[in-house]
Structure formats: structure tokens, C-alpha cells
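See structure below.
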Amino acid sequence: MSAKIRVLVVDDSALMRKLIPQILRDDPSIEVVGTAMDGLIGLRKIEELRPHVVTLDMEMPRMDGMEMLRQITRKHRVPVLIVSAHTAEGASLTLKALALGAFDFVTKPRDAASGHLAQIASELGLKIKTAVASGAPRIVMTVPSARPKSARHSTALRAPSRIVAIGVSTGGPNALQYLFSQLPEDFPGALVVVQHMPEGFTEMFAQRLHECSPIEVKEAQSGDLLEAGRALVCPGNRHITVRRRQHGDVAMLLDQSRVNGHRPSADVLFKSVAREFGNKAVGVLMTGMGDDGADGLGAIQEAGGITIAQSPDTCVVDSMPRSAIERGFVSRVVSLPGLAAVLQSVCASGAPAEAPTAAPSAGSLVGEGSLRRRSP
């Protein structure tokens, strides 16, 4: 039997220090080895207890979660999971923590004060295991905090050359900030993004992307136009699809059931883009856990579009892109540093995708380049 995953819980709330160990107790592979009420005690207990994972509250006395996270990133390699309040302030702090190096986050239920945390038990346990299995991120990207934008002088619709659909999960906030910061203001494609993120977080996330990117980024609303140089981020707890219209193609939001356990789901977006735009579609699967988006990427490939996966060696968690690669649905595997240039190239050409002609293999997962369809 393998050793248990050792978890340290750091939270100023006595209730949370009681409830989190309780909800993790049912998982035989996880052991809560200690708790701490603030960052100073938490740092000392990291040295004493050598946990594999730290769960961290942001708002604490003496040393808050942000300062503790800074200290952890400087002195330790232990992954950190943020346990966030479901508030605007909680969302802001969580996004800053992810930028600083936190592995991922879970949100406390709105009625957490009543002791109802069971609904996040499976999510927290899964993310703890994924954090340990993934280890430290392999590539750290420097993202500009703000990018000035020139005023757009024309109100005419800039019709996109292609529709770029992006699916991303764990590690996505930093990866998207880096990617969007590298795209030019006159990027010829329209981007639509599914980032696995809860309701209430995506509006602030889209604003952060807008501030660090030359392109326009906004949280999507039904009826938003798909425009060159614009990225639409699907709101949490909604699905997003696209529709072709005579006076301009648009995004549409849906309240349908979860797909692959997610709402929003990359599969819903990808299949919509494949259906509506065919060989003008570009599907991109980036860092994340699970297999959401793999089937949808296959639909884009079948429709003649271009399918791209972020190279597993540049992902925080590689299971989303790897699942599509292993199914033969990916025509190109591209590192995160090279992704902006590839998207600029394929969108500038605007030409239909060439049918893939050779197969991805395990040896082709690292680096960039074209992949070909797996032989029967």
C-alpha cells in the first residue's frame, strides 16, 4: 500500500480547520497531518510536518494567505490549493494567488458557515491528488500586468478569418494570460474560451486578461459578436455555443446540464464551432485535468478544421490535451511559448485546414509540430 498524501490545512476559521479534515477523512489515500490558524504557524508546520499539499485560506491575521504563498514559492516546493470564499474579494485574491504560483483552488459553498462542505469533498480530494501527481509546473511564464491598447477608430465589424475555440482548466489562468499577452492587437481570428471556473470568477478573470492583452477580452453575453481581435470568456455555470448569422456571427449562452461533469464544457463549445464553421474552425486544448474537449476536438477535425494541443511538457496538468492526442484528434502539438505564433499564422492564412496524414504517437508528445492521423 502506497503512503498517504499528507495535507496541511491553513485557515483562520476554527470551523474550517475542523470541517476540511472531516471531509477528507473518508478518502483512504489522504491524511490531514496538521492545521494552522495563520501563515506564520503554517510555515512552521510545513517545516515540522513536511506535507505533500497545503490547503490555504487567503484572509488570516498576522500573516495572510498571500504572504504565506510568497514564502512557500521561495522556500518550498509543496503545491498549494486555495480554499476561496465565494465573493468578489475572494475571487480577486484567488486570481492573484494563481498568478503567484498556487496550483488550483476550490470555492467554499455559500453556506459553508453552516458546516455544509460535503459538496466540495470529491473536488478537493481530486485536486489534492492531481497536485501531488503533477508536481511543480515545468515552465513559469512572466506575464505583463497591464498592456496599453490603442483606440479603435472604426465601429465596423471586423469579420474574423477563423473562429478559435479554446478549452482549458487547471493551470489555465496563467497559461491564458501568457498566450493572450503574446497576441497582436490586429489578431485576425475571433477567440472563444471555456475555462473551468465557477460562477462569479469569470468576469474578473476576463477583465484581468483584458488588462494584460493587446486584444479585447470580455466575459461573454448571449448575442456578443465574434469579431477579429476579440476574445469571449464563457461565464461560470453556463455553456457557450456559436451561431452563424447574416449580420454577424454570435456567441450564445445555454443553461443545459453539465457535460463531462463541467458547465461550461469545452466539448459543447467545440462541437458547436465544428458544426457552424467547419474548415474555418480552430480547436485548442490547453492545460487541465480530465478529458473535457477531446470528443469536441475530434468533431472539429472531422469537419476539416485545425486541431491543436498544448504540449504536455508545458502544461501544469496534461490530461486534457493528452487525452485528445492519444485519441488521434490533434493535428499539431505546440508548446505554450510557441502557441501565439501558431495561432497568428493559421488565422492569418485563413485557408481551409489540410487533412492530417500521419498519426500521433507517444514519442511525438514533446515539442511542437504536425501530427498525423493514427493508422487503422
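Structure summary
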item	result
Selection within the range 227-251 - in contact with a Cys (Cβ under 9 Å, 6 or more places away or on another chain) and part of a strand (DSSP E or B)	Ile240, Ala251
Sole exception among (1) in contact with a strand residue (DSSP E or B) (Cβ under 9 Å, 6 or more places away or on another chain); (2) farther than 15 Å from Gly125 by Cα for His52, by number	(2)
Selected residue (only one of Glu203, Glu185 is acidic (Asp, Glu), more than 27 Å from Thr107 (Cα to Cα) and surrounded by fewer than 18 Cβ atoms within 10 Å (Cβ to Cβ))	Glu185
Pair list, Cβ under 6 Å, 6 or more apart: the range 304-331 residue over 25 Å from Phe277 (Cβ atoms), other residue among the hydrophobic types (A, V, I, L, M, F, W, C) and part of a helix (DSSP H, G or I)	Thr314/Leu336
All positions within the range 78-120 that are modelled with pLDDT of 85 or more and either assigned to a loop (DSSP other than H, G, I, E, B) or among the charged types (D, E, K, R) (or both)	Val78, Pro79, Lys96, Gly101, Ala102, Phe103, Asp104
Meets criteria (under 19 Å from the mean Cα position of the chain (by Cα), not in a loop (DSSP other than H, G, I, E, B) and either not hydroxyl-bearing (Ser, Thr, Tyr) or not assigned by TED's automatic domain parsing to the domain that holds Val342 (or both)) for Gly288	no
Residue count, the range 13-44 (criterion: within 19 Å of Arg62 (Cβ to Cβ), hydroxyl-bearing (Ser, Thr, Tyr) and in a loop (DSSP other than H, G, I, E, B))	1
One residue from Ile41, Ile72, Ile46 being farther than 17 Å from Val106 by Cβ, assigned by TED's automatic domain parsing to the domain that holds Ala121 and more than 28 Å from the chain's Cα centre (by Cα)	Ile41
Residues being buried (at least 21 other Cβ atoms within 10 Å of the Cβ) and either within 14 Å of Pro160 (Cα to Cα) or modelled with pLDDT under 95 (or both) - total across the range 276-287	4
Hits in the range 1-24 (condition: among the small types (Gly, Ala, Ser) and closer than 15 Å to Ile128 by Cα)	Ala3
Residues of the range 319-372 that turn out to be in a loop (DSSP other than H, G, I, E, B), modelled with pLDDT of 95 or more and under 29 Å from Phe103 (Cβ atoms), as a count	4
Among residues of the range 49-59, those that are more than 27 Å from the chain's Cα centre (by Cα) and surrounded by 20 or more Cβ atoms within 10 Å (Cβ to Cβ), counted	0
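The values are calculated or read from the model by the stated rules, or taken from the named source; none is laboratory data. For clarity, every value in this text was computed on a predicted model and none was experimentally measured. Note that we place each Cβ from the backbone using ideal geometry, even for glycine, and neighbour counts take in every protein chain shown.
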